[in-house]
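The values are calculated or read from the model by the stated rules, or taken from the named source; none is laboratory data. None of these values were measured; they are calculated from a predicted model. Positions of Cβ are generated from backbone atoms using ideal geometry, with glycine treated the same way; all protein chains shown enter the neighbour counts. When the accessible area is computed, the model is the full protein with side chains, heavy atoms only, and any ligands, DNA or RNA have been set aside. Shrake-Rupley method; radii C 1.70, N 1.55, O 1.52, S 1.80 Å.
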Amino acid sequence: SRTPVTVTVTGAAGQIGYALLFRIASGQLLGPDVPVKLNLLEITPALKAAEGTAMELDDCAFPLLSGIDISDDPNVAFAGTNVALLVGARPRTKGMERGDLLEANGGIFKPQGRAINDHAVDDVRVLVVGNPANTNALIAQAAAPDVPAERFTAMTRLDHNRALTQLSKKTGAPVSEIRRLTIWGNHSATQYPDIFHAEVAGKNAAETVNDETWLAEEFIPTVAKRGAAIIEARGASSAASAANAAVDHVHTWVNGTAEGDWTSMAIPSDGSYGVPEGLISSFPVTCRDGRYEIVQGLEINEFSRTRIDASVNELAEEREAVRGLGLL
Ligand code: NAX
């Protein structure tokens with residue numbers, strides 16, 4: 001039998017953690033033949049709740065789950081980690097300025113990055129879900145100089161999946177017939193869901209829709225503000241859909257994108273498409289043999305350029321702010 005893959009989940013007692021852990025333990029993250037060992041990281045007051053979740057995981061008797069460890073020490077939780085899912089973060093509370101938010105998250109993601117640097121396996125894969133996800137990923141990455149920068153990614157797959165369904169509803173085509181959609185930039189309200197290169201049932205999506213008012217005034221804001229709409233409706237933020245997207249992100253990274261398709265991941269920029277090098281920004285990527293690559297050569301029209309630039313500028317400002325705080 002294979003050696004278990006160690007998956008560390010931070011914020012394990014939170015609502016995304018609760019929706020995520022059972023999917024991982026059942027084999028949906030890495031595949032039906034890959035045993036997993038779970039390391040749960042929580043803050044001390046939430047350890048008891050994490051233990052409760054671990055009891056329920058035990059009660060599922062998942063054949064692929066080889067063990068569960070719970071800790072409030074990142075140095076313990078990231079020991080031997082193959083896949084790190086950084087979900088726990090400091091949410092923005094009332095009256096909190098952006099600087100305060102970034103500083104509070106620096107206090108979480110800097111030590112976690114350091115612990116990943118010191119204790120994870122060499123080919124660790126990191127996905128940051130906790131917001132502000134792109135910049136938290138940048139902070140963790142900067143604290144892990146011995147880990148290749150490309151190992152640090154942030155999640156825009158939920159935005160990608162949201163955009164797939166909105167486009168499916170507009171065109172009447174099932175999501176399985178939609179390919180090559182892209183989320184560019186920051187996982188924030190400035191993100192840009194791009195359908196100009198997307199295909200619906202083999203035809204160009206933007207031409208099929210042929211409705212720039214819908215694009216600018218419905219599609220883009222609906223995708224970008226979906227998180228707020230979920231809170232409004234559910235009285236709590238997206239959890240199962242966020243967990244699902246995290247599963248999709250890692251599964252695609254490890255197992256590859258389908259032939260002729262791509263996905264969206266926030267990854268360290270190599271300067272492609274005018275995105276300043278090093279910013280963790282969302283791009284169209286293909287995955288193969290466990291590695292991702294930015295899709296090259298796409299023509300960016302003016303409509304897209306303006307929106308990509310706006311989101312990337314926001315990321316650059318966040319980078320400046322965390323630099324100013326001494327976090328990079
Ligand atoms: P919850 O508040 O339910 O859970 C967060 C958990 O993290 C809590 O149990 C808390 O104790 C724990 N935590 C806090 N600091 C920690 C630390 N230093 N180490 C370990 N654990 C720590 O939030 P939940 O709804 O699960 O959301 C988690 C994060 O995901 C939030 O930052 C949220 O904004 C973000 N999201 C990101 C999305 C994305 O697409 N990238 C979408 C969904 C979600 O909004």
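Data table
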| read-out | value |
| --- | --- |
| Candidate set: the range 31-43, residues that are open to solvent by 20 Å² or more (accessible area, probe 1.4 Å) and away from the ligand (no atom under 16 Å from the Cβ); chosen: the one nearest to A120 (Cα to Cα) | K37 |
| Single unsatisfied condition, D146 versus (1) within 10 Å of the ligand (Cβ to nearest atom); (2) touching a helix residue (DSSP H, G or I) at 6+ places or on another chain (Cβ under 6 Å) | (1) |
| Selection count where residues are in contact with a Leu (Cβ under 9 Å, 6 or more places away or on another chain), closer than 15 Å to A246 by Cβ and not in a strand (DSSP E or B), scope the range 83-93 | 2 |
| Of residues in the range 248-275 being open to solvent by less than 10 Å² (accessible area, probe 1.4 Å) and within 16 Å of the ligand (Cβ to nearest atom), the one nearest to N204 (Cα to Cα) | T263 |
| All positions within the range 220-247 that are open to solvent by less than 40 Å² (accessible area, probe 1.4 Å) and within 12 Å of the ligand (Cβ to nearest atom) | V223, A224, G227, A236, S238, A239, A242, A243, A245, A246 |
| Residue pairs meeting the criteria (Cβ under 9 Å; at least 6 apart or on separate chains; first within 10 Å of the ligand (Cβ to nearest atom), in the range 105-117; second charged (D, E, K, R)) | N105/R90; G107/R90; I108/R90 |
| Scope the range 45-75; condition more than 9 Å from the ligand (Cβ to nearest atom) and within 23 Å of A140 (Cα to Cα); matching residues | L47, D69, I70, S71, D73, N75 |
| Residue match in the range 88-104 (condition: within 24 Å of H251 (Cα to Cα), within 10 Å of the ligand (Cβ to nearest atom), in the same structural domain as A25 (by TED's automatic domain parsing) and at pLDDT 95 or above) | yes |
| Members of the range 8-24 that are buried (at least 24 other Cβ atoms within 10 Å of the Cβ) and closer than 14 Å to V247 by Cα | T8, V9, I16, G17, L20, L21, I24 |
| Condition check for E207: open to solvent by 70 Å² or more (accessible area, probe 1.4 Å), under 23 Å from G172 (Cβ atoms) and in a helix (DSSP H, G or I) | yes |
| Any hit, the range 181-198, residues being open to solvent by 70 Å² or more (accessible area, probe 1.4 Å) and either modelled with pLDDT under 95 or small (G, A, S) (or both) | yes |
